[in-house]
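> This is the structure, below, for whatever I ask next.
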Amino acid sequence: MKIAIIGAGAIGGYVGVKLALAGEDVTFIVRGANLAAIRRDGMRLILEDGTEQVATNVRATDDYREAGQQDIVILATKAHQVQAVAADIGHLFGPSTVVVTMQNGIPFWYFHKTGCRLEGSAVRSVDDQGSLASLIPPERVIGCVVYPASELIAPGVVRHIEGDRFPVGELDGRSSERVKTIAHLFVRAGFKAPILDNIRAEIWLKLWGNLTFNPISGLTHSTLVDICQFPLSRELAASMMREAQEVAGKLGITFRVPLDKRIAGAEKVGHHKTSMLQDIEAGRAPEIDALVGSVAELARLTDTPTPHIDTVYALVKLLARNMATGPARVTLQPA
């Protein structure tokens, strides 16, 4: 199938290599150094055991019109980058093109096909202009939750750290032929891709950790195990998670994993720097609103107090603003 992957970062590069090596017709929509590297050398993937896989049978372009109509579009940018590509993504659409969204946090389409009182509402934290649903119609969207950890270590080179699970689901919970097709493609490429009848519940389960550990790690320059084993930060994370659980509950979401088990799972990952901490250390704009601001927004919509979430959100937003005025990176240096 013809598959366009928007973004060749940690996740887009990982998925793209695997799909290409499984025989799919993959085009990366990328810019700058990544574009030059992929055109020259293909996309490289370094596996957990140190072995390498290289997909040379891929195309790379920064021109959506040149890429042309696709069967599947995998939107693998970060949430705050979606707005910048949304106006061009339509050039990839044919009559039945499917868009697989791989953003962390609450997605722009969250209130579409829910049937709740907020049906059709925009989530302004991730869609400040309220226009994304017109540019990326929810009717085309298959939701996807990203569990693997990987990192872009050089242009066109991704290192896979752990995980291979990409649950997928229709926004209305149907087990459609197109979601079965997506799941089959992912499985053929070597991933686990269960089809879920409630993709939003899985989004919340992943977000439960990202909402808390990402900003705490970014503010304190601590790894997951550091946060979980220091009593004060562990309790802060738990307090934020309890607030999020109440917000989710008012939206009809129940968590299939107990809070303590979710924290224990993060602790087991060990000395891992979250993506937000990696961005802050590299001087990149951290992904804040989709992970934290969106939950604060949904708390207001559901009249739920979230003092711990609001405080951490304010602090990490201020850090991001200070970084942007530099621009600057923030790292912990030996004395």
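Derivation of every value follows stated rules applied to the coordinates shown; laboratory data play no part. As the structure is a computational prediction, the values presented were derived from the model and not from experiment. Don't worry about glycine lacking a Cβ; one is built from the backbone with ideal geometry, like all the others, and counts go over all protein chains shown.
> Could you give each residue of the range 141-152 its phi-based ³J(HN,Hα) in whole Hz, using Karplus coefficients 6.51, -1.76, 1.60 with θ = phi - 60°, and x for Gly or Pro?
8, 10, x, 9, 10, 9, 9, x, 10, 8, 8, 7
> I've got another one for you. With label points built 7 Å along Cα→Cβ from the Cα atoms of Lys113 and Ser131, find their separation and express it in nm.
The two pseudo-label positions are separated by 2.5 nm.
> Among Gln333, Gly9, Gln53, whose Cα sits farthest toward the positive end of the charge dipole of the chain (+1 at Cβ of Lys/Arg, -1 at Cβ of Asp/Glu, about the Cα centre)?
Positive-end residue among those listed: Gln53.
> Can you list residues whose amide H is under 5 Å from Ile161's amide H, if they're 5+ apart or on another chain and H is modeled 1.01 Å from N?
Ala149, Ser150, Glu151
> Next question, about the same structure. Any idea how far apart Asp197 and Asp41 come out in nm if each label point goes 7 Å out from Cα toward Cβ?
The two pseudo-label positions are separated by 4.7 nm.
> Quick one: Karplus J couplings for the range 130-139, per residue in order, coefficients 6.51, -1.76, 1.60, θ = phi - 60°, nearest Hz, x for Gly and Pro?
Residue by residue, the range 130-139 yields x, 10, 5, 5, 7, 8, 10, x, x, 4 Hz.
> If you don't mind, another one. Compare the peptides 125-135, 238-248 by average per-residue count of other Cβ atoms within 10 angstrom and give them in order, highest first.
238-248, 125-135
> Counting Lys and Arg as +1 and Asp and Glu as -1, each charge on the Cβ, what is the dipole of the chain about the Cα centre in debye, to the nearest 20?
Dipole of the chain, to the nearest 20 debye: 120 debye.
> Determine, for Ile203, Ile263, the number of other Cβ atoms within 10 Å of each Cβ, and report the residues in order from fewest to most.
In order of increasing Cβ crowding within 10 Å: Ile263, Ile203.
> While we're here: With a cap of 13 neighbouring Cβ atoms within 10 Å, and only residues DSSP puts in a loop, list the trypsin sites (Lys or Arg not before Pro) found in the range 133-239.
Sparse-neighbourhood loop trypsin sites (Lys or Arg not before Pro): Arg174.
> Counting other beta carbons within 10 Å of each Cβ, put Thr97, Thr274, Thr331 in order, fewest first.
Values: Thr97 17, Thr274 27, Thr331 11.
Final ranking by Cβ density, sparse to dense: Thr331, Thr97, Thr274.
> Could you pull out the GluC sites (Glu not before Pro) across the range 1-104 that fall in loop regions by DSSP (anything but H, G, I, E, B) with no more than 10 other Cβ atoms inside 10 Å?
Here no loop site has a sparse enough neighbourhood.
> With the chain treated as a Gaussian network of Cα nodes joined by springs under 10 Å, which of Asp49, Asp279, Asp71 yields the largest mean-square fluctuation?
Sorting by GNM fluctuation, first place goes to Asp49.
> Where does the chain land at 222 nm, in deg cm²/dmol rounded to the nearest 500, when only DSSP H runs of n ≥ 4 count, each adding -39500 (n - 2.57), divided by all residues?
Here the helix-only value at 222 nm equals -13000 deg cm²/dmol.
> Moving on. Which entries in Lys192/Lys250; Lys2/Lys206; Lys113/Lys180; Lys18/Lys78; Lys113/Lys317; Lys273/Lys317 show an alpha-carbon gap greater than 22 Å?
Lys192/Lys250; Lys2/Lys206; Lys113/Lys317
> What order do you get for His221, His271 when you list them from fewest to most C-beta neighbours inside 10 Å?
His271, His221
> For the chain, list the DSSP H helices whose alpha carbon atoms reach 20 Å or more along the long axis and whose average Kyte-Doolittle value is 0.0 or above?
Those that pass (Cα extent of 20 Å or more, hydropathy at least 0.0) are 199-220, 307-325.
> Quick one: what are the phi-derived ³J(HN,Hα) couplings along the range 103-108, Karplus 6.51/-1.76/1.60 with θ = phi - 60°, whole Hz, x for glycine and proline?
Coupling constants for the range 103-108: 7, 6, x, 6, x, 4 Hz.
> Which loop-located GluC sites (Glu not before Pro) does the range 99-154 contain, where loop means any DSSP state but H, G, I, E or B and the Cβ has at most 11 other Cβ atoms within 10 Å?
Glu119
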